[in-house]
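Before any comments, here is the structure.
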Amino acid sequence: MDFSLSPEHEMIKKMVRDFAQKEIAPVIKEYDRKQEPIPFTLKRMGELGILGLPFPVRYGGQGMDYLAWGLACEELEAMDTHLRVVMSVHTGLCGMTLFQWGTEEQKQKFLVPLAKGEKIGCGAFTEPGMGSDVAAMRTSAKRDGDYYILNGEKMWISLASKADLALVTVKTDSSSPKPSSALSSFIVDLHSDGVKTGEIHGKLGVRAGSTGWISFTDVKVPVENRLGEEGEGFKITMSAFDHGRYTVASGATGIIRACLEASVKYAKTRTTFGKPISEHQLIQEKIAKMSQDYEIARLLYYQVGWLKNQGKRCTRETSFAKKFATEASFNAANEAIQIHGAYGFSDEYDVERYLRNSKGAMIYEGSSEIQTLIQAGYALGERADKPLRCEAPAYDEAFWQGE
Amino acid sequence: MKLATTNNSRRLTLKIIACIKQVPDSEAKVKAEGGQVTWGDAPLVINPFDEYAVEGALLTKEAVGGTVTALCIGPESAKEALKHALAMGADEAILVSDPALENIDTVAAARVLAAAIKKIGDADMVMFGRQTLDNGSGLTAAQTARVLGLPMLGWVGQIKVQDGSVIVDRVVEEGRVTVSAKLPAVLSVVQSIGEPRYPSFMGIRKASKANIPVWTLSDLGIEAPAAVVTRIELMNPPVRETVVEMITGETPEAIAETLADKILREKVL
């Protein structure tokens, strides 16, 4: 067993960290305060190849492995959550699911521009009245010749108003007794007639990110834009979450690290009762916990990256990583504020932003409660992974890096 | 310098050498311990000033065609700095490493670099950063030029190659000076050249697989150059006692007045 990162992985980490430090750090406070997306984030991430990092070169990507994707997410979210969210929805929910389930024609048509950053993608699953309860989905698609006609509304969609394409899961069979077979997934051009998008304001966190809604009114979607077969939407959505949750887990690990670094720095310089607060045992306890959690979260997502590289299903391990890292990041941010005292309560320091940003990830892409049920299901033997028609491919360096 | 024909236009193919160094990260706390400089376990990185040299070399290559070779003196670990240059887009990298080069001064470094540059052969342009982050003397570029017998253009912010010459804008305190020199020449590059590019992912892949040749002094056919400057003593700066006093007052004006009085009384101004 080898826990070390390759020189390539180390260089990727440094490159992504340098980008975040040089270009995002100087402006993040301003945009977070204004509750506005940083206008150049997507363009720069595209230009630098970050958006297409884990896709094969032949599909417009950078040919890096799944672990590199997680490492990039850690670095991005150590700066700010909105950067990692892009990797979750554009690269994960949309791009990686397309890569897993798409036909060669669909990959050429949709994945290539996504991987190159020429187009932006998102994943649209949640609705105003539905989150974890997928069976309650109301957005529908009806077949009409060579098209499907989509109607309904999706909500809490990251990049909704910035994206060109969305992977949308809708109900195609309202009479199906089995909710899981009633759903189908489509690649929808968000510039189509009948599509409207908007931003949601007043969020607790991820304020420099774009979160919104998409409404579909008689939107014509060509049959060739259906991902997978009719009725495979539930499986496709769960695959999307496997990818998305991996990025959420690795990103949340970045928050824990950021909290740890900020706390160590502050604790060594802030003095109370005649000595740096780092010498007080109650402060040390908090820092030790963050340090321990960072290590656990890191190892959990490294494991998922490794499993993905092997082409093994890892819904269970991804659930462990996602739940642990997101909850630990919230706790780390909470304690980081405590260590910073009154200053931590002010946006003069970053730790209050870390706390606000960390909360969302305990809710989206399968809340902590859903993760608990998934984990219990596996532990009790009530849940098992059945083979999928399209499994996520194992990382094959020659294939990924070949032209 | 060779002429190549590309797309019906005649392009130069310059051989550019970017000299780089590995230094402690800029956030490292450098201190003296037992007469030696130490930066603890701070990470080692490519000298940030040398990234501008690599950027200048790559921009020149892109403008007129050619190759960029990154050259570094250092221990085995300095390969990481060279890999950074490769990942930015350098075509090849060479490390000069020898136990006899552990504590060399800038004159010795210049002699070793000059020998390596001669061994590479046919260099048209040799680029340096304006200084290193650790020693910071900024002398090595000029000394290398002297050893090689080449013109030295320092503090370069813009580079143009034309008719076998290099025309540069030197960024000086008073403004900019445009000068030219026949190639080959040695340049030291400043920040005005433009922000160094990030390593590309393709570059990272190439760099991580690169087999970087290591040349010893015997490969260069030279003896370890004797240091001209010897460090006799190394001391940390005296610790300054600082006292923080919070100035309070009823109004901002009252606080400002008290502060101004104190500044004048303490003869700060």
Check: What spacing in nm lies between the two simple spin-label points modelled at A:SER291 and A:GLU261, each 7 Å away from Cα in the Cβ direction?
Finding: 1.7 nm
Check: For the protein assembly as shown, what is the mean residue ellipticity at 222 nm derived from helices alone (per DSSP H run of n ≥ 4: -39500 (n - 2.57); sum divided by total residues; nearest 500 deg cm²/dmol)?
Finding: -12000 deg cm²/dmol
Item checked: Amide H contacts of B:LEU187 (H built 1.01 Å from N, under 5 Å, at least 5 apart or other chain) -> B:VAL126, B:MET127, B:PHE128, B:LEU153
Next item on the list: Can you pull a Stokes-Einstein diffusion coefficient for the protein assembly as shown at 20 °C (1.002 mPa s), Rh from Kirkwood over Cα pairs, as a whole number of µm²/s?
Entry: 76 µm²/s
Next item on the list: Apply the Karplus parameterisation 6.51 cos²θ - 1.76 cosθ + 1.60, with θ equal to phi minus 60°, to every residue of segment A:171-188 and state each ³J(HN,Hα) to the nearest whole Hz, in sequence, with x for glycine and proline.
Entry: 8, 10, 9, 6, 8, 5, x, 9, x, 5, 9, 8, 9, 9, 10, 9, 8, 10
Check: So how strong a dipole does segment A:235-401 carry about its Cα centre when Lys and Arg Cβ are +1 and Asp and Glu Cβ are -1, to the nearest 20 debye?
Finding: 180 debye
Margin query: What is the ratio of the Cα radius of gyration of chain B to 2.2 N^0.38 Å, with N the residue count, to two decimals?
Written below: 1.23
Checklist line | Footprinting exposure proxy for A:SER132, A:SER161 (fewest neighbouring C-beta atoms within 10 Å first) | finding: A:SER132, A:SER161
Next item on the list: Using per-residue counts of other Cβ atoms within 10 Å, averaged over each peptide, order A:135-141, A:123-129, A:283-289, A:162-168 from highest down.
Entry: A:162-168, A:123-129, A:135-141, A:283-289
Checklist line | Protection-proxy order for peptides A:268-278, A:93-103, A:291-301, each taking the mean of Cβ atoms within 10 Å per residue, highest first | finding: A:93-103, A:291-301, A:268-278
Notebook entry, point to check: Can you pull the three principal axis extents for the Cα set of segment B:30-157, in Å, largest first?
Noted result: 50, 31, 28
Next item on the list: Using the charge dipole of segment A:7-120 (Lys, Arg: +1 at Cβ; Asp, Glu: -1 at Cβ; taken about the Cα centre), state which of A:THR97, A:CYS73, A:VAL112 has its Cα farthest towards the positive end.
Entry: A:VAL112
Note to self: Could you list B:ILE222, B:ILE104 so that the one with the fewest beta carbons within 10 Å of its beta carbon is first and the one with the most is last?
What the structure shows: B:ILE222, B:ILE104
Next item on the list: At 0.36 nm per residue, minus the direct Cα-Cα distance, what do B:LYS29 and B:ALA227 gain on full extension? Give it in nm, one decimal, please.
Entry: 68.7 nm
Check: Can you give the convex hull volume per residue for the Cα atoms of segment A:7-120, as a whole number of Å³?
Finding: 85 Å³
Next item on the list: Within 10 Å of each Cβ in peptide B:186-199, how many partner chain Cβ atoms are there on average? Round it to a whole number, please.
Entry: 2
Note to self: Across segment A:235-401, what fraction of all alpha-carbon pairs, as a whole percent, falls in each successive 10 Å bin from zero upward?
What the structure shows: 11, 33, 28, 17, 9, 2, 0
Notebook entry, point to check: Where Lys and Arg each count +1 and Asp and Glu each count -1, what net charge lies around B:GLY154 among other residues with Cβ under 11 Å from its Cβ?
Noted result: +2
Next item on the list: Could you tally the net charge around A:SER367, taking each other residue with its Cβ under 12 Å from the Cβ of A:SER367, Lys/Arg +1 and Asp/Glu -1?
Entry: 0
Notebook entry, point to check: So what J values fall out for segment A:14-23 if you push phi through Karplus, 6.51 cos²θ - 1.76 cosθ + 1.60 with θ = phi - 60°, rounded to Hz, Gly and Pro as x?
Noted result: 5, 4, 5, 5, 4, 4, 5, 5, 6, 10
Next item on the list: Just grab the label-to-label distance for B:GLN36 and A:GLN108, each label 7 Å out from Cα along the Cβ direction, in nm (one decimal).
Entry: 6.2 nm
Notebook entry, point to check: Can you give me the Cα centroid spacing of segment A:19-85 and segment B:229-269 in angstrom?
Noted result: 42 Å
Next item on the list: May I ask which residue of A:TRP306, A:ASN357, A:GLY231 lies farthest towards the positive end of the charge dipole of chain A, with charges of +1 (Lys, Arg) and -1 (Asp, Glu) on Cβ and the Cα centre as origin?
Entry: A:ASN357
Next item on the list: Determine ³J(HN,Hα), in whole Hz, for all residues of segment A:214-223 in sequence, where each value follows from phi through the Karplus function 6.51 cos²θ - 1.76 cosθ + 1.60 and θ = phi - 60°; x replaces Gly and Pro.
Entry: 9, 10, 10, 10, 6, 7, 8, 10, x, 4
Margin query: So if each residue of separation counts as 0.36 nm, and I subtract the Cα-Cα distance between A:THR272 and A:TYR147, what length gain in nm does that give?
Written below: 38.1 nm
Note to self: Only sites in a loop by DSSP and with at most 11 other Cβ atoms within 10 Å count here; which trypsin sites (Lys or Arg not before Pro) in segment B:237-267 make the cut?
What the structure shows: B:ARG240, B:LYS267
Checklist line | Debye log10 I(q)/I(0) for segment A:292-385, one point scatterer per Cα, at q = 0.11, 0.15, 0.21 Å⁻¹ | finding: -0.40, -0.66, -1.02
Next item on the list: Please list, in chain and number order, the residues 5+ apart from A:LEU227 or on another chain whose amide H is under 5 Å from its amide H, with Hs placed from the backbone.
Entry: A:SER185, A:PHE186, A:ILE187
Check: How far apart, in nm, are two points set 7 Å out from the Cα along the Cα-to-Cβ line at A:THR217 and at B:GLU62?
Finding: 4.7 nm
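Throughout, read-outs are computed from the coordinates displayed, never taken from laboratory work. From a predicted model like this one, the values you see are computed outputs, not experimental measurements. Quick reminder, even Gly has a Cβ in these numbers, built from the backbone with ideal geometry, and neighbours come from all protein chains shown.
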